[in-house]
Amino acid sequence: MSVVNLPEHPALEGLEAKWSARWRDQGVHRFRRPAGRDQVFAIDTPPPTVSGSLHVGHVFSYTHTDLVARYQRMRGKAVFYPMGWDDNGLPTERRVQAYYGVRCDPSLPFEPDFQPPDQPDPKRPLAISRANFIALCQQLTAIDERAFEDLFTQLGLSVDWDLLYQTISPEAITVAQRAFLRNLARGEAYLDFAPTLWDVTLQTAVAQAELEDRQTAGAFHRIAFHRPDGSPVLVETTRPELVVSACALIAHPDDPRYQDLFGATVASPLFKVEVPVLAHRAAEMDKGAGIAMCCTFGDLTDVIWWRELALPTRTVIDRSGRFQTETPDWLVDPAPYQALAGKTVFSARQTTVELLRATGELVAEPWAVSRPVKFYEKGDKPLEIVSTRQWYLSNGGRDPDLKAQLLARGRELKWVPAHMAHRFEDWVNGLNGDWLVSRQRFFGVPFPVWYRLDAAGQPDFDHPVVPAEADLPVDPMAQAAPGFEPGQRDRPGGFTADPDVMDTWATSSLTPHLATGWERDPELFELTFPMDLAPQAHDIIRTWLFSRVVRSHLENGCLPWRRAALSGFVVDPDRKKMSKSKGNVVVPTDVLERFGSDAVRWRAAMARPGADSPFDQAQMKVGRRLATKILNLSRFILGLPDNDPAQWSPTVVDQAVDRAMLARLRQVVTQATAAYEAFEYSDALETTEKFFWTFCDDYVELVKERAYGAQGDRAAASARAGLGLALDILLRLFAPTCPFVTEEVWSWWHDGSIHLSAWPQPDEAGPPDGDPGLLDQLSTVLTAVRGAKSQAKASMRAAVAQLELAGPEAVLEALQPVVADLKAVGHIVGPIRWTARPPDTTTGLMVAVVLAEA
RNA sequence: GGGCGCGUAGCUCAGUCGGUCAGAGCGCCUCCCUUACAAGGAGGAGGUCGGCGGUUCGAUCCCGUCCGCGCCCACCA
């Protein structure tokens, strides 16, 4: 006799708090190291950026991963499912600046007793030292991380919180620095002084992967250069202020209009600088005037021309985005520059236009144009191009062999859904430079590098000084270079630190290494690397996904995981991506509170891999209804008189309809399992749910009276066993989707967690000797009976005077054993008339219902 | 401009290796307090499967083309 502990009033409320606490206390989701790699399922969980709040999109995509994790756990795998916080980098810095009203000034000294201002003044941020700033970053991320953990716990993510990591932890810094030192030693990381996309507000370099184009209003200006004979050459530009930086005019080699000019020089407006007119295939005849003003640097095309045509460097815009105060030495007429010195790009443009207008070299009034301009995806001013010294990491952008290898890795990877592989392929093919990994910021992983200073105090960038791996992590700004004394810092003959930090993607590209204990825990690494699954949203294929492939390829010569799963976005009802700036973000805590985690997870599970889905509150109610139904159904089955789970054996099930139901369930188990194996969690849920509702509506109704004992003990036992077996299996099929309600119900008669129970096997439903088709015939009959009553606006308890069934003999025969059940559920008091038809005349079952007079 | 995905009931989406495939849920309408469930149940109405061609005995499903939508990439003279 099994003990059934049925609560008086089962409810969904409070299940999240109750069970997430118990799971944690009992270590239900803990990774226990098994003997072999094949018993592990390792997940490279995306570490969310800790700089604000999570939105519904996070809730959906993390749920998708959790569905797979829970399935694999029930399949008996030791699931390695860590969580990480991506808490270093610019997003955190910006949040700290806004939250506390501070800014980092590395020249200031550390203040041990520093307290942030009570009332932050966003307009006048308080300047604080680098160390104080970093302390505030850590303080705030700790607060945010607590909120994230609470939300994920409430959502029911089955991560092993003992495996939590942070990208700013000493361990993460060690991993990032170690990997970098190895890249450096192998020649994959290198310093280069080159034109760099630069955010003038944040004052840092930006990588290709972090660019975005924004349609921006501007104006074309037609301005005149001058031939030696004084006649004008007209160019059209949206950046007239860069006239001062003009290095050449460039037209297409085949352009008939400029053939006579190639090789000649022309004088620039205002400054009268002689610049050559050159031919280059990248010039487009039908763009603007067909002849371009090449400046250092207005855009990336300028960089190409500058490099390929060996043009001089005439940069005037400094790192803060202002025109340098010193007058450039290449100007023939330096006088006009006085009006530009020290100005921002924006006001220098206005001034230049005024100057050109005054000299008559602006030959037409500017006309408005909207064109795409490159921005840092997190910035709010157009990027400038300045020449700086930066660290680069090989990513195939300059090396065709490496590019080919990375493309091959992409093809080796299994993609869910498969078409996402194209995005990887396209991105890699489109790379045109190596990965710029240094950032001129503060809250990040410092480069473990110092430079010797010569007698004149100039750094030797060609021979960086690096620490031993055993000495990691290091902070070169705080620690002296190996072989030097602290007092030699920034002194001639001494050393200086590399002041930069790594791009946040440079550290997060190592999450597989960080999570699996690379060079820290060889046993763990052996068990979990390469990992099994890399889940992420489809927008970061070019960044996080690609960068991890690069790192793992370079360091380990393999993919970091076997499979990548891409989640879609949750979009607003207008199909627009949710974002804070659009004000269409839905706060997940409200939704979870209102509908319950199981309901929200159900909705997430209905979003297929890679597909965007619009947010719709009404859909949550459907999930809620499922959870409620599971609860009520369970209460009914377990509450049947004399129902003892110990008696739920297929051998007790001897009624045809019960066997038919189990036969259908057997198919469902097979299909759901196959779907999960293919990472198609939506299909698994849909299959299960379709069965579930028919089960509730038809089968349960049909056998209810019998289960109460209306047809004797033996028939009742068959019904109870059928119901019980189905419940036991269904709960487990639903467990990944609705972990809370299934666990609650499971606990009514089981000891251990459902999430550590075995995923159902088809054979649990007994031998495949039932006829699933019988259920369909029964549905037809039941629907007809209900329809008749509904049409007559009668109660479902209304009596049926006569039922006529017409159909193939085999069908009628199959229905014979179910007559008692049918009569009970349909309140059929009169006779049932059977009319046999030849099997080939009609395949369907015809039902005629005559209701008794009320 | 290139790539990818998508256009099926008012909404969100399944589906068809071409022939009972025109489906589900939500919404809507009507009805029902039936002892698991009114935070429920039953029934019903709704679509020439984006347009136009083609292949075929037959196309929502295959091919071509056009229109529309979304995402990614390129496009700053």
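The values are calculated or read from the model by the stated rules, or taken from the named source; none is laboratory data. Not measured: the values here are computed from a predicted model. Virtual Cβ from ideal backbone geometry, glycine too; neighbours counted across all protein chains shown. Quick note on the areas: whole protein, heavy atoms, side chains included, nothing else; ligands and nucleic acids left out. Shrake-Rupley method; radii C 1.70, N 1.55, O 1.52, S 1.80 Å.
Of the residues in the range A:602-614, none is modelled with pLDDT under 95, outside any helix (DSSP H, G or I) and within 30 Å of A:Leu774 (Cβ to Cβ).
Matching residues to (1) more than 16 Å from A:Phe180 (Cβ to Cβ); (2) within 16 Å of RNA strand B (Cβ to nearest atom):
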{"site": "A:Arg423", "(1), (2)": "yes, yes"}
{"site": "A:Gly430", "(1), (2)": "yes, yes"}
{"site": "A:Ala456", "(1), (2)": "yes, no"}
{"site": "A:Glu485", "(1), (2)": "yes, no"}
{"site": "A:Gly493", "(1), (2)": "yes, no"}
{"site": "A:Asp498", "(1), (2)": "no, no"}
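The criterion of being open to solvent by 20 Å² or more (accessible area, probe 1.4 Å), modelled with pLDDT under 95, closer than 20 Å to A:Tyr392 by Cβ and among the aromatic types (Phe, Trp, Tyr) does not hold for A:Trp415. Among the residues of the range A:712-747, those that are open to solvent by 10 Å² or more (accessible area, probe 1.4 Å) and not small (Gly, Ala, Ser) comprise A:Asp713, A:Arg714, A:Arg720, A:Leu725, A:Asp728, A:Arg732, A:Glu744, A:Trp746. Looking only at residues of the range A:677-687 that are part of a helix (DSSP H, G or I) and surrounded by fewer than 23 Cβ atoms within 10 Å (Cβ to Cβ), we find that the one that is farthest from RNA strand B (Cβ to nearest atom) is A:Glu677.
Among the residues of the range A:462-470, is there at least one that is farther than 28 Å from A:Thr174 by Cα, part of a loop (DSSP other than H, G, I, E, B) and in contact with a helix residue (DSSP H, G or I) (Cβ under 9 Å, 6 or more places away or on another chain)? No - not one qualifying residue is present in the range A:462-470. For the range A:247-270, taking the residues that are more than 15 Å from RNA strand B (Cβ to nearest atom) and without any contact (Cβ under 8 Å) to a residue 24 or more places away in the chain, the one that is least open to solvent (accessible area, probe 1.4 Å) is identified as A:Gly263. Scanning the range A:72-121 for residues that are aliphatic (A, V, I, L, M), part of a loop (DSSP other than H, G, I, E, B) and farther than 21 Å from A:Val501 by Cα gives a single hit, A:Met83. Scanning the range A:803-819 for residues that are at pLDDT 90 or above and open to solvent by 50 Å² or more (accessible area, probe 1.4 Å), we see that the one that is farthest from the chain's Cα centre (by Cα) is A:Glu804.
Screening the candidates A:Ala135, A:Ala98, A:Ala127 for the property of being open to solvent by 10 Å² or more (accessible area, probe 1.4 Å), among the hydrophobic types (A, V, I, L, M, F, W, C), farther than 30 Å from A:Leu67 by Cβ and without any contact (Cβ under 8 Å) to a residue 24 or more places away in the chain yields one hit, A:Ala135.
Yes/no matrix, rows are residues, columns are (1) part of a helix (DSSP H, G or I); (2) of a type in the set (S, T, N, Q); (3) without any contact (Cβ under 8 Å) to a residue 40 or more places away in the chain:
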residue	(1), (2), (3)
A:Leu725	yes, no, no
A:Leu733	yes, no, no
A:Thr742	yes, yes, no
A:Asp769	no, no, no
A:Asp776	yes, no, yes
A:Leu782	yes, no, no
A:Ser795	no, yes, yes
A:Ala801	no, no, no
A:Ala814	yes, no, no
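From A:Ala611, A:Ala607, grab the single residue that is near RNA strand B (Cβ under 9 Å from one of its atoms), open to solvent by less than 10 Å² (accessible area, probe 1.4 Å) and within 30 Å of A:Arg562 (Cβ to Cβ). After ruling out the rest, the residue left standing is A:Ala607.
Of the candidates A:Arg635, A:Arg664, the single residue that is open to solvent by 50 Å² or more (accessible area, probe 1.4 Å), touching a residue at least 60 places away in the same chain (Cβ under 8 Å), in a helix (DSSP H, G or I) and more than 10 Å from RNA strand B (Cβ to nearest atom) is A:Arg664. Put simply, of A:Glu274, A:Glu284 the only residue that is open to solvent by 70 Å² or more (accessible area, probe 1.4 Å), within 14 Å of RNA strand B (Cβ to nearest atom) and among the acidic types (Asp, Glu) is A:Glu284.
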